Amino acid sequence: MPAGLQPPTVRRARLDGPDAAAVRRLVGDYLGQTEREKARHLGGIAHPAHGLPAAYGPELRDPAAAYAGAAVYLAEIDGEPVGVAILNRVGPFLEIKRLWADPAARGRGVGGALLDSVVAAGPGVVRLSVWDWREAAIKLYASRGFRAVESWDGRGRLLCMERHGQVRLH
């Protein structure tokens, strides 16, 4: 992180209050960027910002309901939300379903701070999937001990990764 800049702080989001709007915005930005990248790398049509596939609707309309049972983390710099991570239990695993740093805050440790928060304490396996063109994200995950594993997802170009060790959901 550049000298003199405030580092990010990470806390659990409260989706029953004002954090819901920040989570909605950050997840919406993540989904929009992902759809644009998929169109570029996989072919197809990029959906406009307000025309995301219907499957994403519940996350954007009501994050509290969509993420019930999940741990939702917000990264902030100077009190402003700049990143989000969603951690779900999927069978015996904890799975990061969303991890996003606002592009304006990149290079300030937001992604690393979020990732560190979700793998900080407690035994277990945490897993995630990432598109193979997201080289910076893959490098970040590898720096935190994530390793590529056999895919649990049938979509081509989606890299599945796991980290064994300390993780927490709450």
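The values are calculated or read from the model by the stated rules, or taken from the named source; none is laboratory data. Keep in mind it's a predicted model, so treat the numbers as computed, not measured. For neighbour counting, all protein chains shown are included, and Cβ atoms are generated from backbone atoms with ideal geometry for every residue, glycine included. What goes into the accessible areas is simple: the full protein's heavy atoms, side chains included, and nothing from ligands, DNA or RNA. Shrake-Rupley method; radii C 1.70, N 1.55, O 1.52, S 1.80 Å.
With the requirement that a residue be of a type in the set (Lys, Arg), closer than 30 Å to residue 5 by Cα and modelled with pLDDT of 95 or more, what does region 138-152 give you? Can you show your working first?
Restricting attention to region 138-152, the residues satisfying the condition of being of a type in the set (Lys, Arg) are 139, 144, 147.
If we keep only those that are closer than 30 Å to residue 5 by Cα too, we end up with 139, 144.
Of everything in region 138-152, just one residue is of a type in the set (Lys, Arg), closer than 30 Å to residue 5 by Cα and modelled with pLDDT of 95 or more, namely 139.
The lone criterion from (1) within 14 Å of residue 84 (Cβ to Cβ); (2) at pLDDT 95 or above left unmet by residue 135 is number (1). Can you find a residue in region 115-124 that is of a type outside the set (Gly, Ala, Ser), over 26 Å from residue 60 (Cα atoms) and in contact (Cβ under 8 Å) with a residue 12 or more places away in the chain? Yes, the conditions are met somewhere in region 115-124.
Quick one: in region 135-157, of everything that is assigned to a helix (DSSP H, G or I) and in contact with a helix residue (DSSP H, G or I) (Cβ under 9 Å, 6 or more places away or on another chain), which residue is nearest to residue 112 (Cα to Cα)? If you could, list the steps in order and put the result at the bottom.
So in region 135-157, the residues assigned to a helix (DSSP H, G or I) come out as 135-143.
When the remaining residues are screened for being in contact with a helix residue (DSSP H, G or I) (Cβ under 9 Å, 6 or more places away or on another chain), the result is 136-137, 140-141, 143.
Details: 136: 11, 137: 10, 140: 7, 141: 9, 143: 9 Å.
If we take residues in region 135-157 being assigned to a helix (DSSP H, G or I) and in contact with a helix residue (DSSP H, G or I) (Cβ under 9 Å, 6 or more places away or on another chain), then 140 is nearest to residue 112 (Cα to Cα).
Each row is one residue, and each column tells you yes or no for (1) open to solvent by less than 60 Å² (accessible area, probe 1.4 Å); (2) closer than 27 Å to residue 43 by Cα; (3) in contact (Cβ under 8 Å) with a residue 40 or more places away in the chain.
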{"site": "60", "(1), (2), (3)": "yes, yes, no"}
{"site": "63", "(1), (2), (3)": "yes, no, yes"}
{"site": "70", "(1), (2), (3)": "yes, no, no"}
{"site": "73", "(1), (2), (3)": "yes, no, yes"}
{"site": "76", "(1), (2), (3)": "yes, no, yes"}
{"site": "81", "(1), (2), (3)": "yes, no, yes"}
{"site": "112", "(1), (2), (3)": "yes, no, no"}
{"site": "126", "(1), (2), (3)": "yes, no, yes"}
{"site": "133", "(1), (2), (3)": "yes, yes, yes"}
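Filtered by the rule that a residue be of a type in the set (S, T, N, Q) and over 21 Å from residue 7 (Cα atoms), region 88-122 gives a lone residue, 88.
Taking the condition of being modelled with pLDDT under 90 and over 11 Å from residue 130 (Cβ atoms), how many residues in region 153-167 meet it?
Applying the first criterion (modelled with pLDDT under 90) to region 153-167 yields 153-156, 164-167.
Retained after the next criterion (residues that are over 11 Å from residue 130 (Cβ atoms)): 154-156, 164-167.
The number of residues fulfilling the criteria is 7.
For the residues 25, 36, 40, 89, the requirement of being at negative phi, assigned to a strand (DSSP E or B) and open to solvent by 60 Å² or more (accessible area, probe 1.4 Å) singles out 89. Screening residue 16 with (1) in a loop (DSSP other than H, G, I, E, B); (2) acidic (Asp, Glu); (3) under 26 Å from residue 161 (Cα atoms) gives one miss only, at (3).
The condition (being over 17 Å from the mean Cα position of the chain (by Cα) and not small (Gly, Ala, Ser)) is satisfied by just one residue among 42, 87, 99, 74: 42.
Residues in region 59-99 that are modelled with pLDDT of 95 or more and in contact with a Gly (Cβ under 6 Å, 6 or more places away or on another chain): 75 alone.
To keep it simple, each residue is scored yes or no on (1) in a strand (DSSP E or B); (2) over 14 Å from residue 25 (Cα atoms); (3) charged (D, E, K, R).
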position	(1), (2), (3)
84	yes, no, no
107	no, yes, no
115	no, yes, no
127	yes, yes, yes
133	no, yes, no
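Looking across region 138-164 at every residue that is under 21 Å from residue 11 (Cα atoms) and open to solvent by 30 Å² or more (accessible area, probe 1.4 Å), the one that is nearest to the chain's Cα centre (by Cα) is identified as 140.
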